[in-house]
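The values are calculated or read from the model by the stated rules, or taken from the named source; none is laboratory data. Owing to the predicted nature of the structure, the values given are computational and were not obtained by experimental measurement. Note that each Cβ is placed from the backbone with ideal geometry, even for glycine, and that neighbours are counted across all protein chains shown. Note: areas computed on protein heavy atoms with side chains; ligands, DNA, RNA excluded. Shrake-Rupley method; radii C 1.70, N 1.55, O 1.52, S 1.80 Å.
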There are 2 protein chains.
Amino acid sequence: MTGKNANNGKGNTSRLLGGIEGGGTRFNCAIGPSPDEIWARNSFPTTAPEETFARVVEFFKEGEAEYGALSAIGVASFGPVDLQQQSGYYGHITTTPKPHWRYTDVVGHLKRMWDIPVAFDTDVNGAARGEGAFGAARGLDNFVYVTVGTGIGAGIVAHGRPLNGAMHPEVGHMRLPRAAEDLHFPGCCQYHGDCLEGLASGPAIEARWGQKGETLPADHPAWTMQAEYLSMLCMNLTLCYAPERIILGGGVMARRQLLPMIRERFAALMNGYTELSAVSPQDYIVPPSLGERSGEVGALVAAERLAG
Amino acid sequence: MTGKNANNGKGNTSRLLGGIEGGGTRFNCAIGPSPDEIWARNSFPTTAPEETFARVVEFFKEGEAEYGALSAIGVASFGPVDLQQQSGYYGHITTTPKPHWRYTDVVGHLKRMWDIPVAFDTDVNGAARGEGAFGAARGLDNFVYVTVGTGIGAGIVAHGRPLNGAMHPEVGHMRLPRAAEDLHFPGCCQYHGDCLEGLASGPAIEARWGQKGETLPADHPAWTMQAEYLSMLCMNLTLCYAPERIILGGGVMARRQLLPMIRERFAALMNGYTELSAVSPQDYIVPPSLGERSGEVGALVAAERLAG
């Protein structure tokens with residue numbers, strides 16, 4: 001291990017981890033010896049891939065100069081991504097509508113710079129991993145982390161590991177009933193129109209009401225409608241995975257009044273069905289406890305596993 | 001090992017397995033040295049628990065007299081059931097609406113008769129296990145087995161094992177959009193009204209159209225509506241689990257014209273979203289290949305694992 005590591009008592013660790021939360025809007029990078037000990041962080045907008053990766057590399061090269069060589073890197077990436085190790089596109093962002101990012105080789109970019117293990121997963125699996133290790137789902141083997149923002153997605157942990165089938169789940173695009181007061185808005189998903197993401201993401205709120213959610217007052221009918229859709233999502237997630245907890249994060253959930261409305265409506269919808277209804281909604285549907293850092297912590301957790 | 005085992009070259013096996021598919025309507029029992037070698041079977045109606053278990057015991061005791069002692073028993077049971085080993089109700093059918101069966105101790109009944117390992121799972125997990133070992137999902141690590149009949153339920157296999165969280169999933173009760181022509185039928189689920197089971201199970205067909213599905217002609221609008229609901233189910237299952245295959249079984253699926261209608265509508269609904277849409281619907285949404293025997297074969301597969 002090399003590096004000018006006389007600063008702050010840092011460095012000279014036997015292990016240094018890199019974590020990347022690659023979001024569609026921002027990239028967050030972190031470096032440290034452990035997911036709960038971060039020595040440096042950086043955040044920058046997601047621009048074109050080459051420019052974005054140049055900033056990632058710059059951050060970690062500076063970190064290595066300061067603290068020593070990286071042992072492993074974990075990436076929690078926006079998607080869709082290819083997680084099948086045997087696939088020719090493993091480690092790529094695949095069919096994203098985001099300009100310039102279709103079939104971007106994320107793992108390849110990193111592997112060309114560092115000959116070390118690179119863990120690769122979805123942004124939501126990363127956030128789930130972070131919340132599972134250090135946050136609101138600590139100690140649980142079965143839980144769901146949902147983000148409601150520009151898009152809607154979820155990382156599902158089942159039997160202690162992120163659930164990925166032939167690809168990663170995409171629960172944000174599930175079909176749900178229309179809210180009674182929402183019969184005419186066509187939805188804004190470019191694939192499905194009025195799937196959940198088309199009806200309840202941040203862009204859907206803006207398209208339906210003509211202004212961004214952040215600017216809508218707390219008593220606006222948008223929030224009752226939002227609670228209706230998200231409580232139905234929680235119901236379907238409960239029936240599909242029987243989790244011990246559902247964590248609701250993302251920009252839309254920053255509106256604090258939403259969570260109690262969702263809990264109340266969820267209990268009404270479930271109507272006492274199965275023991276799952278017996279759990280107190282306060283303990284069952286919760287906010288992330290790592291806030292906006294779930295994803296980068298989760299990326300470090302994944303790196304740590306590979307670093308051994 | 002004891003037994004009058006001179007018959008048919010049977011008996012004298014080092015291992016004998018019992019399989020029980022405990023359905024809400026019928027119990028099916030099977031005995032043999034392996035899930036694909038069944039020496040005797042019996043099927044009888046599900047009456048009150050004591051009487052039903054008396055017939056189960058009678059069948060297996062006769063089998064033991066013929067072939068030798070059982071090594072292990074597997075049960076695939078109607079539910080809801082308690083699958084948590086540490087629970088006080090492990091091995092019970094719990095909050096079922098079926099008269100006399102609430103909190104019935106299935107595993108306890110068997111354990112009182114046989115001091116051997118007893119595997120316990122849901123009927124749909126059992127059917128999924130059977131199809132995974134010897135049927136339409138052979139060789140796959142991620143797939144879903146759905147039954148559409150008196151109720152709607154699914155066994156989900158993820159990363160090679162049945163998915164059970166805090167309890168088993170209950171996807172039959174998920175919320176889905178109403179079909180355009182189905183705006184007034186209230187649904188028949190006693191918990192949720194118009195959840196999927198309330199809209200698309202066998203009893204829902206009968207309640208909506210005033211006659212049983214079996215008696216409706218092939219060109220009746222009921223089938224287009226049924227295909228709409230079941231293709232939306234397949235879409236949500238695809239987005240939730242990203243399975244490699246979905247198997248659709250159960251009495252309602254016995255109407256052969258339904259499957260191609262569901263495949264066609266599913267492809268339209270997915271609209272090319274993610275690589276999952278690239279799979280041919282003919283290979284992706286399929287009938288069970290063990291027919292009505294998936295559950296009992298799966299129960300034997302579970303017994304086999306415990307027999308070592």
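For the pair A:GLU50 and A:ARG138, label points projected 7 Å from Cα toward Cβ lie 4.5 nm apart. Loop-resident trypsin sites (Lys or Arg not before Pro) (DSSP state other than H, G, I, E or B) in the range B:213-264 with no more than 12 further Cβ atoms inside 10 Å of their Cβ: B:ARG256. What percent antiparallel are the DSSP beta bridges of the protein assembly as shown, to the nearest 5? Counting DSSP beta bridges with both partners in the protein assembly as shown, the antiparallel share is about 60 percent.
For the peptide A:155-165, the mean number of other protein chain Cβ atoms found within 10 angstrom of a residue's Cβ is 5. Overall, the anisotropy analysis places the range B:92-219 in the prolate class: the square-rooted eigenvalues a ≥ b ≥ c of its C-alpha gyration tensor yield a/c not less than 1.5, with a/b exceeding b/c.
Computed over protein heavy atoms with a 1.4 Å probe, the carbon and sulfur contribution to the accessible area of the range A:136-288 reaches 51%. If R0 is 22 Å, the Cβ-Cβ spacing of A:HIS184 and B:HIS184 corresponds to a FRET efficiency of close to 0.70. For the range A:136-288, rounded, prolate or oblate, judged on the Cα gyration tensor with a ≥ b ≥ c (square roots of eigenvalues), a/c < 1.5 rounded, else prolate if a/b > b/c? The shape class here is prolate. Placing +1 on the Cβ of every Lys and Arg and -1 on the Cβ of every Asp and Glu, with nothing else charged, gives chain B a dipole about its Cα centre of roughly 220 debye. For peptide A:173-180, the mean count of partner chain Cβ atoms within 10 Å of a residue's Cβ comes to 5. In terms of packing, defined here as the mean over residues of other Cβ atoms within 10 angstrom, the peptides A:219-227, B:217-225 line up highest first as A:219-227, B:217-225. Computed from the Kirkwood radius of its Cα pairs, the Stokes-Einstein diffusion coefficient for the protein assembly as shown at 4 °C and 1.567 mPa s stands at 50 µm²/s. With all protein chains kept in place, the per residue accessible area of chain B amounts to 39 square angstrom at a probe of 1.4 angstrom. For the protein assembly as shown, the Cβ-based charge dipole about the Cα centre amounts to some 360 debye (Lys, Arg positive; Asp, Glu negative; other atoms uncharged). Could you tell me which residue out of A:ALA180, A:GLY198, A:ALA267 lies farthest along the dipole of chain A toward its positive end? Charges go on the beta carbon: Lys and Arg +1, Asp and Glu -1, centred on the Cα centre. The residue sitting most towards the positive pole is A:GLY198. Residues of the range A:274-307 buried by at least 40 Å² of accessible area upon assembly of all protein chains, compared with the chain on its own (1.4 Å probe): A:THR274, A:GLU275. Report summary: the helix-based calculation at 222 nm, which adds -39500 (n - 2.57) for every DSSP H run with n ≥ 4 and divides by the residues of chain A, gives -10500 deg cm²/dmol.
How much of the DSSP bridge set in chain A is antiparallel, in percent, rounded to the nearest 5? Just about 60 percent of them are antiparallel.
Counting only DSSP beta bridges whose two residues both lie in the range A:136-288, roughly 55 percent are antiparallel.
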